[in-house]
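Notes follow once the structure below has been shown.
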Amino acid sequence: MHGLIHAELKRYVEERHGGPATWNKLLQASGLGSKMFLTISEYPDSDAVAIVTAASQATGKPAGDILEDFGDFIAPTLLKMYGALMKPGWKTLDVIENTENTIHSVVRIKNKGAAPPVLKVARVSPVEVVLTYGSPRRMCFVAKGISKGLARHFAERVAITEPACMHKGAAQCEIHIRKIG
């Protein structure tokens with residue numbers, strides 16, 4: 001997993017869950033000691049899983065809830081990093097619809113080790129997209145959180161449903177994101 005995700009996970013923990021001491025406790029609880037994560041490096045997926053698992057045990061919150069909140073949290077950072085790739089008039093659904101062809105394609109070219117999830121998106125109406133998420137990481141929760149964070153950024157509201165999920169036995173996740181209001 002790309003180091004940017006780990007660095008943002010650290011920032012998330014420190015800003016939303018108690019500061020550097022909490023991050024250090026999670027590293028210890030996850031068996032990672034005092035490991036440091038550089039944004040330009042690659043790390044085993046198991047590191048992030050261990051940290052989120054430790055956070056889930058420490059807070060009593062399901063790991064999926066933590067990952068979704070994390071996705072919401074990192075949306076502004078992702079928009080800052082990749083905003084130049086987006087058309088000026090894009091809003092929430094447009095960004096989601098075009099992420100694979102714009103942002104993920106650039107990520108794969110610039111960072112040879114990066115493996116963002118493959119997203120297939122269908123615009124089923126002017127106010128709804130269906131996102132098919134497939135990744136061995138099974139982090140559809142992050143995708144849902146990023147969708148919420150995008151909506152917040154664009155001052156929009158979205159309703160998200162997930163009729164099929166890898167965590168419930170499906171081969172891929174099917175996430176419906178509908179603009180409301």
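Could you work out the pair-distance distribution P(r) of the chain from its alpha-carbon pairs, with 5 angstrom bin width and percents rounded to whole numbers?
Going from the shortest bin to the longest, the percentages are 1, 8, 16, 21, 20, 16, 11, 5, 1, 0.
Got a sec to turn the phi values of region 116-132 into Karplus ³J(HN,Hα) couplings, 6.51 cos²θ - 1.76 cosθ + 1.60 with θ = phi - 60°, whole Hz, x for Gly and Pro?
Computed from phi, the couplings for region 116-132 are x, x, 7, 10, 10, 10, 10, 8, 8, 6, x, 10, 8, 10, 10, 9, 9 Hz.
Lys168: which aspartates and glutamates have alpha carbons under 17 Å from its alpha carbon, excluding same-chain residues fewer than 8 sequence positions away?
Cross-link targets: Asp65, Glu68.
In what order do Cys140, Cys165 fall by count of nearby beta-carbon atoms within 10 Å, going from fewest to most?
If I rank by nearby Cβ atoms, fewest first, I get Cys165, Cys140.
Order of Val130, Val124 from fewest to most other C-beta atoms within 10 Å?
Result, fewest neighbours first: Val124, Val130.
Could you give the radius of gyration (one decimal) and Dmax (whole number) of the Cα atoms in region 30-99, in Å?
15.6, 45
Can you compute log10 of I(q)/I(0) for region 3-61 with the Debye formula, treating each Cα as one identical point scatterer, at q = 0.14, 0.20, 0.27 Å⁻¹?
One equal scatterer on each Cα of region 3-61 leads to -0.32, -0.67, -1.24.
Pairs of lysine in region 1-142 with Cα under 22 Å and at least 8 positions apart or on different chains: total?
14
Provide Met86, Met1 in ascending order of the number of other Cβ atoms located within 10 Å of each residue's Cβ, fewest first.
Least crowded to most crowded, the residues run Met86, Met1.
So what's the back-of-envelope 222 nm ellipticity for the chain, counting only DSSP H runs of four-plus at -39500 (n - 2.57) apiece and dividing by all residues, rounded to 500?
For the chain, the value works out to -15000 deg cm²/dmol.
Each reported figure results from applying straightforward, stated rules to the coordinates on display, with no laboratory input. Everything numeric here is computed off the predicted structure, so don't read it as measured data. When we count neighbours, we look across all protein chains shown, and the Cβ atoms used for this are built from the backbone with ideal geometry, even at glycine.
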